[in-house]
1. Leaving ligands and nucleic acids out of the surface, order H90, H111 by accessible area at 1.4 Å, largest first.
2. Give me the tail of P(r) for the stretch 439-502 as a percent: Cα-Cα pairs with distance above 15 Å.
3. Taking the simple approach of a point 7 Å from Cα along Cα-to-Cβ for both N248 and H169, what is their distance in nm?
4. What do you get when you divide the Cα radius of gyration of the stretch 210-273 by 2.2 N^0.38 Å, with N the number of residues?
5. Antiparallel versus total DSSP beta bridges in the chain: what percent is that, nearest 5?
6. In Å, what Kirkwood hydrodynamic radius results for the stretch 298-493 from the alpha-carbon pair distances?
7. As a test question: what accessible area, to the nearest 10 Å², does D354 have when a 1.4 Å probe is rolled over all protein chains in place?
8. Could you tell me the convex hull volume per residue, in Å³, taken over the Cα atoms of the stretch 132-245?
Amino acid sequence: MIADARTLLEGLDEAQLEAATTLEGPVRIIAGAGAGKTRTVTRRIAYACASRQWRPSEVLAVTFSVKAANEMKNRLGALGVEGVKAATFHSAALHQLCSVWPQVSDAPLPHVCDDPQMLAAQALKRSVGADGIGFDTFAVRDVLAEVSWAKVGLIAPDDYARVCSALHHQPPAGLDPEDFAAFYLAYEEEKSGRGQMDFNDILLLTCHVLEHFDEQAAAIRRSVGHLTVDEYQDVSPLQHRLMTLWLNDSREVCVVGDPAQTIYSFAGASSYSLLGFDREFGPLSADVDLNIDYRSTPQVVSYANRVLSAAPDRENYLRLQSPRAKGMRVMRNVYDDDAQEAIGVAQRIAKFIDQGSKPQDCAVLTRLNAQQQVIARELKRMGLRSRVRRDAGWSSSVLEPEDEGLRDALEAVAIRGAEQGEVTISTIHASKGLEFKHVFIVGCSEGLLPYGSPSPSEALEEERRLFYVGVTRAEDTLHLSYAKTKDGVSSFTRAPSRFLYR
């Protein structure tokens, strides 16, 4: 069996091999863009199970999307490993809650609310009064996002005003901290009164069970004998709390991430846990850097390294290397207005397709959803089909469904569309984890990228990392562009992004 297991390690480079064969104790893998992260992690799990050092039923691999979880399960299945649990934090926690809930409560398990905006609207009326502020759909959306921010940061309603004061944080929708705290509490009461929970409650309830019900906690932990956490730079304090409760006194954990790809701080993500993993869990059994980018050409990799070289905390970031043959230089283009930029990008994509590329090999990346329609219209005018990936998911229109089932349906339609040949138009946030032969990043001007032209701050560094993520989506060619004006007649002239280099 051991001899058969060794074949699972074939083709791994030296760093990947170290990561895949260190199976006991805490392991940290800093994996740069295109460095074979998923390949390394799946081979590590498969090797451990095939050599009978791990039981598949005691392995949990946590990912940050259903797509990533399915990819991991498919890869493990292809390697002959069945029974490993690969899931998102929320999916894994919900499964655990369902398995123990009858033993910890006589009441039914709350169901996930299907209309949180309605609950938020009711809570706003109760807490601050219907006539206090004109709450439109956007205000309701913003206060719900703030509730999520508070929950993933482990901030209870009673602590909210104090935290705002300490962080100089301003609530949304014109509310002061005390009014928002009252709304937050009313929202929780509206939800619990209906026997409902939101997505963050799934994690909070699981943490509660693990902290206060010893027998059920032990049962849950038996299914988490060996824990792998992907995209560890994106864990929130709440997810980190759940992870440490899963482990309890165990040190059988492997975390994988890249500080340079931390782009979700607005949702509570921070690379603090990844960078401080050795202080929290050390001494480490292995601390591995995967810095060989097998995806991109040396020209793209060199540009990506240059983007990060200007960061004040650049010592925290890997410097990538590319083993690929020399490719095309990174292209920079300036246009008179947004329409001309869309035309220029569409023409270049059409030329690639005429030369033998497939539509799905090409992607146009934007900073904002609002930039996408002009690109989609121009591609359509040239006879090219496109699919739009907004920050909320795949879409063929302005629809951004809240229903998870509808989002999954649209995702399936989009995947079928890719097989038929469509250019991808995506925000950079939504492109994370994807790759394309030809990438066009539009709107590379101050105010758009970085958004708001922030002064040196964490906000600027988040924008720098976001640009880096966009750059590293490119395999063969990278095209950067911006328009000097929005419509060609505006007196305001845009300046090129500080992230553009010659």
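The values are calculated or read from the model by the stated rules, or taken from the named source; none is laboratory data. Model, not experiment: these values are computed from the prediction. A quick note on method: Cβ atoms are made from the backbone with ideal geometry, for glycine too, and the neighbour counts reach across all protein chains shown. Side chains included, ligands, DNA and RNA excluded: accessible areas come from the protein's heavy atoms. Shrake-Rupley method; radii C 1.70, N 1.55, O 1.52, S 1.80 Å.
1. Listed by decreasing accessible area, they come as H111, H90.
2. 53
3. A separation of 3.2 nm, rounded to one decimal place.
4. Values: Rg = 13.0 Å, N = 64, 2.2 N^0.38 = 10.7 Å.
For the stretch 210-273, the normalised Cα radius of gyration comes out at 1.22.
5. The antiparallel proportion sits near 10 percent.
6. 17.4
7. 130
8. Numbers: hull volume 15.6 nm³, N = 114.
Given the Cα convex hull of the stretch 132-245, per-residue volume reads 136 Å³.
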